[in-house]
């Protein structure tokens, strides 16, 4: 069913199906949510309500997340061990005397959200 929901949402985003069809599929799947079309006035009202209820918009855009361990040559780190944060967690990367990464070990308890 999850695949069906993903596919119907893709079709909706591409303009291949209408909102009523999507809502029927979501209701049939028991998702507990539906799509609504908001006017500019309704969007402004919703934003004002969220602000009153304690919604705090981000002060600055989110920083990009490093997806995987960077194993490139880094001459400035030659003969050292450096720590890298990725989406999957923290890693200790060992570099040889010429700055080539030779080993990367995950730091236990090093979740990306710590």
*asked:* Given contacts defined as C-alpha pairs under 8 Å and at least six residues apart, what's the relative contact order of segment 33-114, whole-number percent?
replied: 21 percent
*Using a 10 Å cut-off on Cβ atoms, rank the peptides 48-56, 98-106 from the highest mean neighbour count down.*
98-106, 48-56
_Value of relative contact order over segment 2-52, rounded to a whole percent, pairs C-alpha under 8 Å and six or more apart_ = 22 percent
*Over segment 39-114, what number does the Rg to Rh ratio reach, with both radii from the alpha-carbon atoms and Rh per Kirkwood?*
1.33
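When the expected Rg is taken as 2.2 N^0.38 Å, what fraction or multiple of it is the alpha-carbon Rg of segment 2-52?
Values: Rg = 13.4 Å, N = 51, 2.2 N^0.38 = 9.8 Å.
Taking N as the residue count of segment 2-52, the ratio is 1.37.
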*Using Cα atoms only, what is the angle between the long axis of helix 2-14 and the major principal axis of the chain, expressed in degrees (0 to 90) to the nearest 10?*
80 degrees
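Every number here is computed from the coordinates shown, using simple stated rules; none is lab data. Quick caveat: nothing in here was measured; it's all calculated off a predicted structure. Cβ: placed from backbone, ideal geometry, glycine included. Neighbour counts: every protein chain shown.
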